[in-house]
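The values are calculated or read from the model by the stated rules, or taken from the named source; none is laboratory data. This structure is a prediction, so every number in the text was calculated from the model and none was measured. Cβ placement follows ideal geometry from the backbone for every residue including glycine, while neighbour counts extend to all protein chains displayed. Accessible surface areas use protein heavy atoms only, side chains included; no ligands, DNA or RNA. Shrake-Rupley method; radii C 1.70, N 1.55, O 1.52, S 1.80 Å.
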Amino acid sequence: MIDLLAQAQPDNVFTRAWWDALVTREESWQILPTAFKFTVAAILTVGLYSLLYRENRFYRFVEHLFIGLATGFSVVGIVWEPVLHQKWWVPMVGAAGTDETAMKLAYWPWAVVLPIGVLAFFVFSKKHGWLSRIPIGIILGLWAGQQFNAFQNRYLPQLADSARPFIPNQFTLSSRLDPSGTLTVPDAINNLIVMATFIVVLSYFLYSFEQQSKLFQRSAIAGRWLLMVGFGAIFGTTMMTRFSLFIDRAYFLLIEWLKLGPIA
Amino acid sequence: MELQDYWLQYKLEWGWVEYGTILLVVAFILYNIVRAGRGKGVTIRRIPGLDQIDEAVGRATEVGRPILMVPGLGVLDGITVQAITIFSSIVRTAVRFGTPIRLLNYDGAVYAVAQEIVRDVYLSEGVPEQFDPDSVRFVSDRQFAFAAGVAGVIQREKVAATFFMGAFYAESIIMAENANMVGAIQVAATTQFIQTPFFIATCDYVLLGDEFYAASAYLGRQPVLLGSLVGADWAKMVFVMFVLIAAIAHSFEARTPVPADERQDLGFADGQIYKDRPQLFFGKMTKASRF
Amino acid sequence: MNWLIAQVESPEPGFWGLPHTDAPLLTQGFFWAIVGSLVGMVVVIFFLARVPSNFRRPIAVAFVFLAGMFYVLEWVLPRGKDMSGETVIPFLFGSNYEDAVPVVANLSQIIFGLLLALGILSIFRVHFGRLFRLEKDWFFSFVLLGSMAVMIVFGLMNWSLDQAVAREAITSEQASRTIAAQGFQFVFFDMLQNLDAAMFSLIAFFILSAAYRAFRIKSIEATIMMATALVVLMSFIPIFLAITNWLPADQFVGNFRVDTIGDWILDTINAPALRAIDLGLGLGILAMAIRIMLGLERGVSVD
Amino acid sequence: MTNAEETKAESRFWLTLQALDRRWLYLILVLIVSWLVLQPIEAPNVVSTRSEALYDYLSGLDEGDVVLVESNWTNSTRGESRGQFQALMRLLMRKKIKFVITAIADPQAPNIAREVIESIAKEPGSNNYQENVDWVMAGYFPNGENHVMSMVNDVRKELATKGIEDSPVMEGINDLSDMKAIINVTASATILIWYERIRNKAPIGLMCTAVMSAENIPYFVAGQLEGLVIGAKGGFDFETLLAEEFPDTNPEFSEYTNFESGRRYMSPLAFALMLLVLSVVAGNVAMYMLRRGGERS
């Protein structure tokens, strides 16, 4: 333990200085001391971590606080400020000009959006519930219309990329120095594997074709296995990110808050 | 910018083959919807996870604990509508067993749709008085606040079965692992395939990829849904054919490299493997103007 | 459709954009235009509510279809602008179809914004109910509602400060020293952001226990997944990399280095496998879009 | 102890190991990570060729060259992105390469980037970098797609919207191709826009989180990326390369800080991942032993 704290910062949590900082403001105009804010953040972090042991009243408190703050922020910071105010209210009512800024015209037709939105509240009415389908239908319709373009942009290039040449034009092993357009034997084999994987995995996702043929069944099973290879690779890379984030939190708690170790 | 360059860009992006491909897919789907509507029998293969829904709901009834449904983190779009459609058949089973439900939402609009559809299910089963409006809830529309809220509900109410369907992101494993802690039976399906491995690791049954879209056809057996599933199947077959033909064509074309100046014109970096593609089969076809 | 986006450039009043002056509100044209359109919409809704039930479904489907056609047309019609934004192919009356896209995009964002209120209503319903009936856990409902109120109050105060800074009524230095700005700083940066980060980092624990339980050599599939995950993982850890690091990277044996194998799996198996699953999902979405636009999806149209 | 008792005790051990309470795993993880965060081990590194490619390219640039750094990370991915960003800034400052900072993913990203830059500029070896002289902050651009297109079309015009086109950093930059590199430090899919729009005007370097590696390695292999720095390991790679170029042993560089978050986070990360590998192995061995024991009896 002593060894572990050998590199602790001079004002770590076991010293008077740390506790003094908790109530000392750095600037006279500040309301809360920085160390106090860190402490609050750290306590909340520990509160969420307590879920790992089991659900408890501390976690429940932090959870409800979290949801309250998050939803409050959605109302102000995500919906009111950038959307309703900037994109709806300001264009709708405009603004009178001053000496420096031009007048903004009031585009009054935006006002019709409000009643359309309010229609959604009829969802609670048994008699006029269908009126809520109109705003919801508009949103869904707009989404549906975008999908054609999205399919073209997103999937067709991938399809084109899956169709790879598989006859080598240079019968050697690959090297970084090959000029562009060279297709060596290993490249050709890799291209074949890419295509085969694509087709085999896709065959697993056929639902309506007769599954009697042996070839088809085997291809579907192989497709599932290849999918598992893909999923395993995702698992591997994702784990690294997630652990890094936890280590960063540990750094925050131990070094930035409690100052129990060296900074760098 | 010169108009000439612009037209090149234009043609690259707006070739007729791409439009034709999408129109073909649309035609397949519509034709099969009509065909299935005429009562042509369509069989689809078994989807393992979906057979377990009744069992999971039944077990929840035995232990007297609620089932939990989460339609993912999507805003109101086709994915969440699909999720709620699947949930409506799960809720129907739950109503028959008399199992309490929890449906937790991330988006205000999704909440509205879910509220109405769940109420309709209770109504059509003839027990509208059993419907508790608070069982369908909005939690929060910030990702991790939502995850914290769902984890809290799972742990406090010790849900007996969970159904995670829709678009899930990093929070998937927080929810699924918490449900695992309380010993719930879990069925999951997500359109964000990056999260599928985490569901595989934590859940009992996972629908892979577009089994999620097949699920409502599988459960409901409606002609419209079955038909569009078959249409999508046809499209997949055509795509496979296309890849095979294009690959053969590419192979022969790749035997002669593309001249360097032509490559430069197309704006591709030197030393790229993918750079020659617009010169190849697919590119030639898509470069053709629509006019 | 230019009238809705070109606000700064064209202060020339027209039918759609009325002037806003310093005169009293009740004497201004735009105010009455807004009031008029609200009243008009209420009348329209009143009549819509009286529509006989057999017309309801076609009306709802028509809205969906028309909204969908907007983007379908945007996709099909030729693009009228070149890369620098000059209109080369005018669509209608010298304006361009693409110019309408930001307007419609805003429209759907605004409707989404208004619908958040439904969610808030749900929160109030659950938590005020619990609070007033003093049910179990009422205290936590109180915490939730209280923290929400605090965030909204500080958020709005901070927002009005930002507005004042933008008007140059106060400097940003002055603004940052007010109670509102510091309060917002505290609830947003110090509390909410840290809570976000903490919840995100919890995933590390869950991933560990999930991997411990799931990665068992029980079935072929689980084994394959485990083996790939471990190989890919090793290709990122220096200690494991050191095992094969002595193999020269640019010779044939270099293919057996851990990092080469990891990359090969990522490129050659992972990419096409995920591409295939993604393509299926894309087709599913396309089919869903068609069904929604034609009113064939049960959840959307009126039964 | 009799033979039977021994077998029983043994099987109880394997049974515990096979179905270990997750809380023990959590506890071990917390202990390992806390220990190594407090007492980091200076682990050796094997630098990946992808990181090295970017480092070599940047290190080979001339004094006074300008690069564009798009900083798209915030505190939520601080664990991975900060190490990368710090090492990148150190390299650029030591080589006197000028840079422009932009952001398209998050309005808060510029502030966080500025905080890091200002603290590094004070270090020895950083050539006393001054804002608006050696580097300039263009800030946040809300519409990423449009921003990238405009940057490719007319970089001066686009940066003029933030009033920085006359900054000394922008001297001699009339087109994006005058910039020597575009480096994207990101935690989201912002890089895809650049692949589509760059039109080969400048080499791209990517510093991304590990989650994003799978989708971006193909672009590196294809040569669309000059270099690819992945996750916390990539940050450590960059720091290792810095230490090779500016070693402590050389009195000229003895005051330089080469290692920071990258190495600091690498040893806990390596041990946490080792814990994961070991726990998976232990679970499997226990399962195997129990199964064999079951067959024997």
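Can you tell me which residue among A:227, A:192, A:202 is surrounded by fewer than 18 Cβ atoms within 10 Å (Cβ to Cβ), under 30 Å from residue B:210 (Cα atoms), modelled with pLDDT of 90 or more and within 12 Å of chain C (Cβ to nearest Cβ)?
Exactly one of A:227, A:192, A:202 is surrounded by fewer than 18 Cβ atoms within 10 Å (Cβ to Cβ), under 30 Å from residue B:210 (Cα atoms), modelled with pLDDT of 90 or more and within 12 Å of chain C (Cβ to nearest Cβ), namely A:192.
Conditions tested, residue by residue: (1) modelled with pLDDT of 90 or more; (2) within 13 Å of chain A (Cβ to nearest Cβ).
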| site | (1), (2) |
| --- | --- |
| D:30 | yes, yes |
| D:40 | no, yes |
| D:46 | no, no |
| D:55 | yes, no |
| D:59 | yes, no |
| D:80 | yes, yes |
| D:84 | yes, yes |
| D:87 | yes, yes |
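Output the residues belonging to the stretch D:180-228 that are of a type in the set (Lys, Arg) and either in a helix (DSSP H, G or I) or in contact with a helix residue (DSSP H, G or I) (Cβ under 8 Å, 6 or more places away or on another chain) (or both).
Answer for the stretch D:180-228, where residues must be of a type in the set (Lys, Arg) and either in a helix (DSSP H, G or I) or in contact with a helix residue (DSSP H, G or I) (Cβ under 8 Å, 6 or more places away or on another chain) (or both): D:197, D:199, D:201.
Would you point out which residue out of D:260, D:239 is in contact (Cβ under 8 Å) with a residue 40 or more places away in the chain, under 15 Å from the mean Cα position of the chain (by Cα) and open to solvent by 30 Å² or more (accessible area, probe 1.4 Å)?
D:260
Return the pair list, or none, for Cβ contacts closer than 7 Å from residues in the stretch D:272-287 that are over 14 Å from residue C:223 (Cβ atoms) and more than 7 Å from chain C (Cβ to nearest Cβ) to residues that are open to solvent by 30 Å² or more (accessible area, probe 1.4 Å) and of a type in the set (A, V, I, L, M), at least 6 apart or on different chains.
D:272/D:32; D:275/D:28; D:275/D:32; D:282/D:17; D:286/D:17
I'd like the residue in the stretch B:96-131 that is within 28 Å of residue A:79 (Cβ to Cβ), charged (D, E, K, R) and open to solvent by 30 Å² or more (accessible area, probe 1.4 Å) and, out of all such residues, is modelled with the highest pLDDT.
This residue is B:102.
Restricting the stretch A:93-114 to residues that are open to solvent by less than 10 Å² (accessible area, probe 1.4 Å) and under 18 Å from residue C:41 (Cα atoms), which is nearest to the chain's Cα centre (by Cα)?
In this case the residue turns out to be A:113.
Say whether the condition of being open to solvent by less than 10 Å² (accessible area, probe 1.4 Å), assigned by TED's automatic domain parsing to the domain that holds residue B:151, among the polar types (S, T, N, Q) and out of contact with any Pro (no Cβ under 6 Å at 6 or more places or on another chain) is met by at least one residue in the stretch B:28-44.
No, there is no match, as no residue in the stretch B:28-44 is open to solvent by less than 10 Å² (accessible area, probe 1.4 Å), assigned by TED's automatic domain parsing to the domain that holds residue B:151, among the polar types (S, T, N, Q) and out of contact with any Pro (no Cβ under 6 Å at 6 or more places or on another chain).
I'd like the full set of residues that are open to solvent by 40 Å² or more (accessible area, probe 1.4 Å) and either over 13 Å from the mean Cα position of the chain (by Cα) or more than 7 Å from every other protein chain (Cβ to nearest Cβ) (or both), limited to the stretch C:105-119.
C:107, C:117, listed by residue number.
Restricting to the stretch D:165-206, give me the number of residues that are over 17 Å from residue D:146 (Cα atoms), open to solvent by less than 10 Å² (accessible area, probe 1.4 Å) and away from chain B (no Cβ under 12 Å).
Selection size over the stretch D:165-206: 10.
When both residues are 6+ apart or on different chains and their Cβ atoms are under 7 Å apart, which pairs have a first residue that lies in the stretch C:7-25 and is facing chain A (nearest Cβ under 7 Å) and outside any loop (DSSP other than H, G, I, E, B), and a second that is open to solvent by 40 Å² or more (accessible area, probe 1.4 Å) and at pLDDT below 80?
Within 7 Å, the pairs are C:17/C:3.
Only one residue in C:134, C:192, C:144 is within 29 Å of residue B:134 (Cα to Cα) and assigned to a loop (DSSP other than H, G, I, E, B), so which one is that?
Only one candidate passes the filter, namely C:134.
In the stretch C:206-225, which residue that is at the interface with another protein chain (Cβ under 7 Å from one of its Cβ atoms) and not in a helix (DSSP H, G or I) is most open to solvent (accessible area, probe 1.4 Å)?
Filtering the stretch C:206-225 for residues that are at the interface with another protein chain (Cβ under 7 Å from one of its Cβ atoms) and not in a helix (DSSP H, G or I), the one most open to solvent (accessible area, probe 1.4 Å) comes out as C:217.
Residues in the stretch C:268-281: is at least one in a loop (DSSP other than H, G, I, E, B), surrounded by fewer than 24 Cβ atoms within 10 Å (Cβ to Cβ) and either in contact with a helix residue (DSSP H, G or I) (Cβ under 7 Å, 6 or more places away or on another chain) or more than 8 Å from every other protein chain (Cβ to nearest Cβ) (or both)?
Within the stretch C:268-281, none of the residues are in a loop (DSSP other than H, G, I, E, B), surrounded by fewer than 24 Cβ atoms within 10 Å (Cβ to Cβ) and either in contact with a helix residue (DSSP H, G or I) (Cβ under 7 Å, 6 or more places away or on another chain) or more than 8 Å from every other protein chain (Cβ to nearest Cβ) (or both).
Identify the residue in the stretch D:115-152 that is of a type in the set (S, T, N, Q) and under 26 Å from residue A:86 (Cα atoms) and, among all such residues, is least open to solvent (accessible area, probe 1.4 Å).
Result: D:150.
(1) farther than 18 Å from residue C:197 by Cα; (2) of a type in the set (A, V, I, L, M, F, W, C); (3) at the interface with chain C (Cβ under 7 Å from one of its Cβ atoms): which one isn't true of residue A:78, the others all being true?
Among (1) farther than 18 Å from residue C:197 by Cα; (2) of a type in the set (A, V, I, L, M, F, W, C); (3) at the interface with chain C (Cβ under 7 Å from one of its Cβ atoms), the lone unmet condition for residue A:78 is (3).
So the check is Cβ under 7 Å with 6+ separation or different chains; which pairs have a first residue in the stretch A:150-166 that's farther than 23 Å from residue C:74 by Cβ and a second one that's modelled with pLDDT of 80 or more and of a type in the set (Gly, Ala, Ser)?
Cβ pairs passing all conditions: A:163/B:246; A:163/B:247; A:164/B:247; A:165/B:247; A:165/B:251; A:166/A:188; A:166/B:247; A:166/B:251.
Name the residues in the stretch B:138-197 that are polar (S, T, N, Q), more than 27 Å from residue D:214 (Cβ to Cβ) and in contact (Cβ under 8 Å) with a residue 60 or more places away in the chain, would you?
Matches in the stretch B:138-197: B:162 only.
Residue C:228: closer than 30 Å to residue D:264 by Cβ, at the interface with chain A (Cβ under 10 Å from one of its Cβ atoms), assigned to a helix (DSSP H, G or I) and touching a Gly at 6+ places or on another chain (Cβ under 8 Å), yes or no?
It is true that residue C:228 is closer than 30 Å to residue D:264 by Cβ, at the interface with chain A (Cβ under 10 Å from one of its Cβ atoms), assigned to a helix (DSSP H, G or I) and touching a Gly at 6+ places or on another chain (Cβ under 8 Å).
Taking residue B:75 as the residue in question, decide whether it is part of a helix (DSSP H, G or I) and either under 19 Å from the mean Cα position of the chain (by Cα) or farther than 19 Å from residue C:290 by Cα (or both).
No.
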